[in-house]
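S.K.: If you scroll down you'll find the structure; I have some questions about it.
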Amino acid sequence: MTAIVVIAKECLPGKVKTRLHPPLSLEQAAELAAASLADTLAVASHLPATRHILAFDGVTAPVEASAWEILPQTAGGLDERLAAIFDTLAEPTLLLGMDTPQVSIGLLAPVFTSWGDETDAWFGPADDGGFWALGLKNPSGALLRGIPMSRSDTGAHQLQRLDEAGLSVRLLPVLTDIDTITDAHTVASVAPHTRFARAFAGVRASARPENFDFFPAPLSGARS
């Protein structure tokens, strides 16, 4: 009995993935954000969650979430918005960001089968020091409120908070959040089957010559 929540912004130019500009245009950055969100929603839709919820900042939700519950995000910093989500829900809940389109059903399956009496939380660390997933058996916004967000030590602070609360935490694999153009290339390389990878290939194909330096060479040995 686990709910899944994807937190997302409406993918409008200038509102999402602005760190990809430059070298990308704001329109291209929004296109990649939309593809990443679509991949995330597709995976989440196939998980055996009791509820599928989009915690949404925007007006028009993506079509991929047409059958989902829509939970408007509250005002405030990211910690306050995340805390409000967990305060709203009473059942075990897995929260996902929209910036890891390489996530898979197999990777998340243990959250829906292996809570057990010994697991209070699941934590998905990002390789930039943040986190891409957080699952709580007993949701409480107090476990997130006040955590410094968007820093290289955000994940460490969050894990410390969970530990101080006496929770038993199981780790999910480390993934790359898409923030920079290098991140985008990394994710597209390791997950070439995704909508995001196809969108990124289109962006690369249309890149101006003066922007070529912003697109790293393919990673050696990368595979899906």
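The values are calculated or read from the model by the stated rules, or taken from the named source; none is laboratory data. Just so it is clear, the structure is predicted and the values come from calculations on it, not from any experiment. Every residue, glycine among them, receives a Cβ derived from its backbone with ideal geometry; neighbour counts consider all protein chains shown. Each accessible area value is taken on the protein alone, full model and side chains, heavy atoms only, with ligands, DNA and RNA left out. Shrake-Rupley method; radii C 1.70, N 1.55, O 1.52, S 1.80 Å.
S.K.: With unit charges on the beta carbons (Lys and Arg positive, Asp and Glu negative) and the dipole taken about the Cα centre of the chain, which residue among H21, S150, M1 sits farthest to the positive side?
M.R.: Of H21, S150, M1, it is H21.
S.K.: Which aspartates and glutamates, on any chain, are close to K15 with Cα under 18 Å apart, when same-chain ones fewer than 8 places away are left out?
M.R.: Counting by Cα, and skipping residues close in sequence, K15 has these aspartates and glutamates nearby: E27, E31, D57, D99, D177, D179.
S.K.: Can I ask one more? With a length cut of 27 Å (Cα positions projected on each helix's long axis) and a Kyte-Doolittle mean of at least 0.0, go through the chain and give me the DSSP H helices that pass.
M.R.: Taking the DSSP H segments of the chain (at least 27 Å long, mean hydropathy at least 0.0), we get 26-45.
S.K.: Taking the chain as a Gaussian network, where each spring joins two C-alpha atoms under 10 Å apart, which residue of A75, A126, A142 fluctuates the most?
M.R.: A75
S.K.: While we're on this one: Mind putting a number on the dipole of segment 105-214 about its Cα centre? Charges go on the C-beta only, +1 for Lys and Arg and -1 for Asp and Glu, and I need it in Debye to the nearest 20.
M.R.: Roughly 420 debye, rounded to the nearest 20.
S.K.: Would you mind working out the accessible area per residue for the chain, using a 1.4 Å probe, and quoting it in Å²?
M.R.: Heavy-atom accessible area per residue stands at 46 Å².
S.K.: Along the charge dipole of the chain, pointing to its positive end and built from +1/-1 on Cβ of Lys, Arg, Asp and Glu, which listed residue (A35, S140, L167) has its Cα farthest out?
M.R.: A35
S.K.: For the chain, modelled as a Gaussian network with Cα springs under 10 Å, which listed residue fluctuates most, R151, R170, R161?
M.R.: R151
S.K.: Next question, about the same structure. Give the relative contact order (percent, whole number) for the chain; include only Cα pairs under 8 Å separated by 6+ residues.
M.R.: 21 percent
S.K.: For a bin width of 10 Å, list the pair-distance distribution of segment 1-121 built from all Cα-Cα distances, rounded to whole %.
M.R.: Pair shares across the bins are 13, 42, 34, 10, 1.
S.K.: Stretch T88-L171 to full length: gain in nm at 0.36 nm per residue minus the Cα-Cα span?
M.R.: So the extension gain works out to 27.5 nm.
S.K.: Per the Kirkwood formula on distinct C-alpha pairs, the Rh of the chain is how many angstrom?
M.R.: One decimal place: 17.9 Å for the Kirkwood radius.
S.K.: A further question on this structure: Gaussian network model of the chain, Cα springs within a sub-10 Å range: biggest mean-square fluctuation belongs to which of A83, A67, A35?
M.R.: A67
S.K.: Checking a compactness column here: for segment 62-190, what do you get for Rg(Cα) / (2.2 N^0.38 Å), N being the number of residues?
M.R.: 1.05
S.K.: Same structure, new question: Considering only DSSP beta bridges whose two residues both sit in the chain, what percent are antiparallel, to the nearest 5?
M.R.: Antiparallel bridges: around 30 percent, rounded to the nearest 5.
S.K.: How high is the FRET efficiency between K9 and E118 when r is their beta carbon distance and R₀ equals 35 Å, given to the nearest 0.05?
M.R.: Rounded to the nearest 0.05, the efficiency is 0.50.
S.K.: OK, next. Given the rule -39500 (n - 2.57) for each run of at least 4 DSSP H residues, summed and divided by the residues of the chain, what is its mean residue ellipticity at 222 nm, to the nearest 500 deg cm²/dmol?
M.R.: -9000 deg cm²/dmol
S.K.: What accessible surface, in Å², does a 1.4 Å probe find on M98, ignoring ligands, DNA and RNA and rounding to the nearest 10?
M.R.: Number for this one is 20 Å².
S.K.: Just the number, please: carbon plus sulfur as a percent of the accessible area of segment 5-71, 1.4 Å probe, no ligands or DNA/RNA counted.
M.R.: The computed percentage sits at 56.
S.K.: Report, in debye and to the nearest 20, how large the dipole of the chain comes out about its Cα centre when Lys and Arg carry +1 and Asp and Glu carry -1 on their Cβ.
M.R.: For the chain, the charge dipole is close to 440 debye.
S.K.: Return the aspartates and glutamates within reach of K137: Cα separation strictly under 12 angstrom, same-chain partners fewer than 8 residues apart disregarded; answer none if there are no such residues.
M.R.: E91, D117, E118, D120
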